[in-house]
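Derivation of every value follows stated rules applied to the coordinates shown; laboratory data play no part. Owing to the predicted nature of the structure, the values given are computational and were not obtained by experimental measurement. Virtual Cβ from ideal backbone geometry, glycine too; neighbours counted across all protein chains shown.
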Amino acid sequence: MVYSEYLSLGLYFIFLIVIGILFSRFNRNLSDYVRGGGMATWWMVGTSSLMAAISAFTFTGNASAAYEAGPTLLIIYAANCAGFLIGFFFLAAWFRQTRALTLADIIRERFGVAAEQFNVISFAFLAPVAAAIQLWALAVFASAVFGFPLIGSILVIGAVVTIYSTTGGRWGVMATDFLQSLILIPITLLLGYLSLRAVGGFSGLIEIFSMPGISEDFRFVKEPGAFSDDRFTPKWIVAIFLIQLSGFISISGAPRYLSVKDGREGRRSAMLAFVLMAIGAFVWIIPPMVARAKLAEEVAAVGLENVSEASYAVAAMAYLPNGLLGVMIVAMFAATMSSMDTGLNMVTGTVVRNFWPWVQRITGLKPMSPSTELLSCKLVTAGLGVAITGMALMLAAQRSFQLFDAYFVIATIIGLPVTIPLVAGLFIRRLPYVSYFIISILSALPAIYSLLDARFNGNNWTVQDRALWVIAFGLIGVLISVFLKSWEKPENRSQIEALFRRMKTPVDPSEHEGLGTDSVQLITTGKTTVSAGVFLLLLLLLVESLQGVLAVLFVSGFVLCVGALMLWAGRRSAVGKFNKNPEES
């Protein structure tokens with residue numbers, strides 16, 4: 001690893017911390033810290049939603065699937081796109097119009113306090129574990145492929161994410177996600193283009209599908225037995241699509257849109273995320289498929305247990321000009337960091353907003369003042385960041401993957417069974433409070449049985465078999481729960497009806513918690529974006545060919561143009577506001 005890559009990462013980390021500090025002035029209370037006060041712009045929320053929906057797994061695990069099996073993994077991105085598109089049509093507006101601060105707020109109103117607290121506790125446990133696994137996996141990958149020190153990577157990334165998430169809150173998370181997307185988009189577009197060029201364009205890419213040893217693997221639908229655990233078969237495709245989509249069309253998808261000003265802004269943010277995800281889906285699978293045809297020996301030589309996970313990185317090292325590999329590494333780091341910071345912010349919100357007030361009610365403690373709530377948010381975020389980094393270090397010290405496997409077992413037992421009632425409860429008003437636990441328990445039965453079957457009989461269930469049985473039992477729970485409507489208490493029924501009425505009622509401008517900050521968001525983010533573009537332009541000093549010069553100009557020019565456009569729009573908006581109401585301005 002040359003010093004230019006370390007320099008790129010160092011400058012990038014500094015930018016993230018600076019952004020967190022800059023946006024800390026937007027935080028006045030709990031609402032600002034955990035959802036941006038419901039005043040964030042659509043472009044900031046849309047890019048943040050995109051970045052939260054991907055991780056380093058996009059360029060490792062998904063790239064591995066593209067390398068081995070071709071375009072079948074597009075089903076994952078198709079589900080993401082479908083989720084954002086449904087958000088555009090109605091769900092984004094519904095979620096924002098709940099007027100909730102956190103996901104747990106909505107769960108409490110839909111299913112009661114017991115469901116709220118169960119969700120808070122389970123989420124507070126699972127989210128940090130998931131973040132630690134992502135951080136550890138990224139560090140292992142960066143160490144094996146790029147030569148970064150394993151422990152140092154965990155400590156630095158964990159510290160950077162913790163600092164800007166703690167100082168900036170939700171504002172800092174969204175702003176850093178926006179900058180990270182501006183780096184991710186042009187560098188992955190560039191690598192996609194250069195990979196296509198290496199095989200002679202789209203015609204050459206199509207020819208890969210008929211190459212000996214690849215043609216059968218790259219069929220979209222595979223026969224059972226073609227891949228381990230019957231992956232990429234019709235059953236696998238259906239199961240993965242439903243699992244992926246469920247997170248978008250359930251109440252658990254609400255936090256994506258709680259930060260926007262109103263339903264209209266929420267719909268626009270969903271459409272932006274849809275467009276970016278659709279473009280990314282096709283761009284991200286090109287390098288690993290080209291690597292299968294052109295760089296198989298280089299991929300096989302990488303020191304990873306599953307060498308195909310390095311296919312995207314190998315393509316980047318082969319085709320990107322000198323100096324830009326560091327930008328590609330930044331993009332891969334950004335994908336994981338954006339998932340970590342979103343998870344940190346969401347857990348903090350539920351702990352301070354939902355769990356601690358519940359403790360206060362049952363213990364008789366006095367409610368916290370707004371300033372104390374804000375301080376508590378920062379302390380909880382910092383504590384979670386330290387805990388995640390510590391867990392990642394523990395993972396790095398052990399020699400087996402037992403915790404990694406255990407996490408996915410826990411996610412199967414808790415994650416999907418808890419998601420199913422959140423899907424049903426969003427679309428079926430007849431479901432009573434108790435349905436949350438009825439559906440969750442019935443959904444968990446197949447997952448628990450599959451573990452016992454594997455333990456005592458040696459029958460290892462595939463992901464698709466377990467998921468489809470979980471969904472089937474969940475639907476049985478929904479049918480049972482519908483007939484329990486008459487058992488619901490009148491006051492509970494009234495609260496459910498009030499939630500649904502509010503979801504369908506547009507947010508009035510008078511409900512906003514403060515003055516509009518559109519121009520400030522544009523100008524502040526625009527300045528940091530232009531600065532990032534200038535530093536990217538300095539990579540011209542490292543390139544030695546015309547292709548390298550053009551590549552650097554493309555990436556830096558993309559960032560500079562977006563930043564300049566934001567500054568222009570922000571200053572124009574500020575002038576218009578001043579002319580309209582000088583006293584207010």
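For the stretch 433-485 and the stretch 249-296, what is the separation of their Cα centres, given in Å?
29
For L431, what charge total do you get from the other residues with a beta carbon under 12 Å from its beta carbon, if Lys and Arg give +1 and Asp and Glu give -1? Walk me through the intermediate numbers first.
Details: positive: R110, R429, R430, K485, R493; negative: E488.
Counting the neighbours of L431, the net charge comes to +4.
Give, rounded to the nearest 20 debye, the magnitude of the charge dipole that the chain has about its Cα centre when Lys and Arg contribute +1 at Cβ and Asp and Glu contribute -1 at Cβ.
That gives the chain a dipole magnitude of about 1680 debye.
In whole angstrom, note down how far apart the Cα centers of the stretch 96-171 and the stretch 336-360 are.
Centre-to-centre (Cα) distance: 8 Å.
Order of 18-28, 193-203, 127-137 by packing, highest average Cβ count within 10 Å first?
On the way: 18-28: 19.5, 193-203: 15.7, 127-137: 22.0.
Per-residue mean Cβ counts within 10 Å order the peptides as 127-137, 18-28, 193-203.
Given a cut-off of under 8 Å on Cα pairs at least six residues apart, what relative contact order in percent is computed for the stretch 125-250?
On the way: 42 pairs, mean separation 10.1, N = 126.
Across the stretch 125-250, relative contact order equals 8 percent.
Once you list every other residue whose beta carbon is under 13 Å from the beta carbon of K235, what net charge do they have if Lys and Arg are +1 and Asp and Glu are -1?
-1
Compute the relative contact order of the stretch 200-349 as a whole-number percentage, counting only Cα pairs closer than 8 Å that sit 6 or more residues apart in sequence.
Values: 56 pairs, mean separation 18.4, N = 150.
So the answer I get is 12 percent.
Tell me which GluC sites (Glu not before Pro) from the stretch 278-366 have a DSSP coil assignment and no more than 11 other beta carbons within 10 Å of their own.
Here the GluC sites (Glu not before Pro) that fit, given the DSSP loop and packing criteria, are E305.
Is the shape of the stretch 221-359 best called rounded, prolate or oblate, per the rule: a/c under 1.5 gives rounded, else a/b larger than b/c gives prolate, else oblate, with a ≥ b ≥ c the square roots of the Cα gyration tensor eigenvalues?
prolate
Students often get this wrong, so check it: of K261/K504; K261/K378; K222/K294; K235/K485, which have C-alpha atoms separated by over 26 Å?
Correct reply: K235/K485.
To the nearest 20 debye, what charge dipole does the stretch 1-155 have about its Cα centre, counting +1 at the Cβ of each Lys and Arg and -1 at the Cβ of each Asp and Glu?
Magnitude of the dipole: close to 460 debye.
Please state the relative contact order of the chain as a whole percent: Cα pairs under 8 Å, 6+ residues apart? Don't skip to the end; give the middle numbers.
On the way: 897 pairs, mean separation 156.6, N = 585.
About 27 percent, as a whole number.
In the chain, if the dipole is taken from +1 on Lys/Arg beta carbons and -1 on Asp/Glu beta carbons about the Cα centre, which of A278, S259, G385 is farthest to the positive end?
S259
What lysines could a cross-link reach from K527, if we take a straight Cα to Cα line under 21 Å and drop same-chain neighbours fewer than 8 places away?
K577
Using θ = phi - 60° and the Karplus relation 6.51 cos²θ - 1.76 cosθ + 1.60, list the HN-Hα couplings for the stretch 413-428 in order, rounded to whole Hz, with x at every Gly or Pro.
Coupling constants for the stretch 413-428: 6, 9, x, 5, x, 6, 6, 4, x, 6, 6, 5, x, 6, 10, 10 Hz.
Between R219 and F90, what FRET efficiency comes out of the Förster formula 1/(1 + (r/R0)^6) with R0 = 45 Å and r the beta carbon distance, rounded to 0.05?
Between F90 and R219 the formula returns 0.80.
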